[in-house]
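The values are calculated or read from the model by the stated rules, or taken from the named source; none is laboratory data. From a predicted model like this one, the values you see are computed outputs, not experimental measurements. All Cβ positions, even for glycine, are placed from backbone atoms using ideal geometry, and neighbour counts span all protein chains on display. Calculation scope for accessible area: heavy atoms of the full protein, side chains included, ligands and nucleic acids excluded. Shrake-Rupley method; radii C 1.70, N 1.55, O 1.52, S 1.80 Å.
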Amino acid sequence: MSGPGLFISFEGIDGSGKSTQARLLAEYLRGQGRDVVLTREPGGSAGAEEIRRLVLEGDKDRWSPETELLLFTAARRDHLERVIAPALAAGQVVICDRFADSTRMYQGLGRADLRGLVDQLHALMIGREPDVTVLIDIAPDLGLGRALSRGSGEARFESFGVDLQVRMRAGFLALAEEFAWRFVVIDGGREVAAVAGDVARVVEARLP
Ligand code: TMP
């Protein structure tokens, strides 16, 4: 399911500013005449956006960790088939706000130790990694404060509290070492423009 385009994902804990950075990168690359698809997970296709509501709204115990993993994977499969793979095949740059690394973190070590299951399902049903993953790293209390102040109604994961954010931050940094060939870690605790400048530099160096 790969193609000649470039697949960039953004990762980070809730409130890290990665969605803003993904949007700014899309604007920057479009300004340079690149054909860019800006998308997000969970969601990004009609079916996956329906699943997004199921996983992000409601009580935190609404799904078991295993069921939640299946739902996120189903959403990703639909998104990959209908949006990401066709765009890459057409030579476009795909910028995705979260991808499989979020499942490795939130479902893989968030509520239960399911990393083995996450990897098996990924190999079976997804089988694609981004070419570049930008990790926007930020202190957990700062991130959670920002995320909660949004009041978006999608607070199911934020409701697991700061302890989850602390573990997710450490987990993402460990993942950046595990997949060092595609990860770039950027300090998100600075002015938006300074972070965006770093992101643009890093991505530009990897563009075909
Ligand atoms: P967002 O706030 O970046 O839109 O992400 C929504 C939430 O979904 C966030 O708390 C992390 C969670 N999430 C998972 O638990 N597993 C996943 O695979 C993805 C993509 C997101």
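Considering every Cα-Cα pair within region 12-105, what fraction, in whole percent, is farther apart than 15 Å?
I get 64 percent for the Cα pairs in region 12-105 exceeding 15 Å.
Work out the length of the dipole vector of region 6-204 about its Cα centre, built from +1 on the beta-carbon of each Lys and Arg and -1 on the beta-carbon of each Asp and Glu, and round it to the nearest 20 debye.
260 debye
Using helices alone, I'd like the mean residue ellipticity at 222 nm for the chain: each DSSP H run of four-plus residues gives -39500 (n - 2.57), total over residue count, nearest 500.
Result for the chain: -14500 deg cm²/dmol, rounded to the nearest 500.
Along the principal axes of its C-alpha atoms, what lengths does the chain span, in descending order and rounded to whole Å?
45, 37, 31
Any chance you could look up the accessible area of ARG150 with a 1.4 Å probe, heavy atoms only, rounded to 10 Å²?
Roughly 140 Å² of ARG150 is accessible to a 1.4 Å probe.
Efficiency by 1/(1 + (r/R0)^6): what FRET value for SER152 and ALA89, r their Cβ-Cβ distance, R0 = 30 Å, to the nearest 0.05?
So, using R0 = 30 Å, E works out to roughly 0.35.
Sort ASP101, ASP59, ASP113, ASP131 from largest to smallest accessible area, using a 1.4 Å probe on the heavy atoms of the protein chains.
Reading off the accessible areas and sorting them downward yields ASP113, ASP59, ASP131, ASP101.
Rolling a 1.4 angstrom probe over the protein chains, ignoring ligands and nucleic acids, what is the accessible area of ARG30 in square angstrom, nearest 10?
Using a 1.4 Å probe on the heavy atoms, I get roughly 110 Å².
Measuring with a 1.4 Å probe in the full set of protein chains, what accessible area per residue, in whole Å², belongs to region 6-204?
Heavy-atom SASA per residue in region 6-204 reads 42 Å².
Taking a 1.4 Å probe, which of LEU38, LEU175 shows the most accessible area, and what order do the others take after it?
So, going from the largest accessible area down, we get LEU38, LEU175.
For VAL37, list long-range residues whose amide hydrogen, built 1.01 Å from N in the peptide plane, is under 5 Å from its own amide hydrogen.
VAL93, VAL94, ILE95
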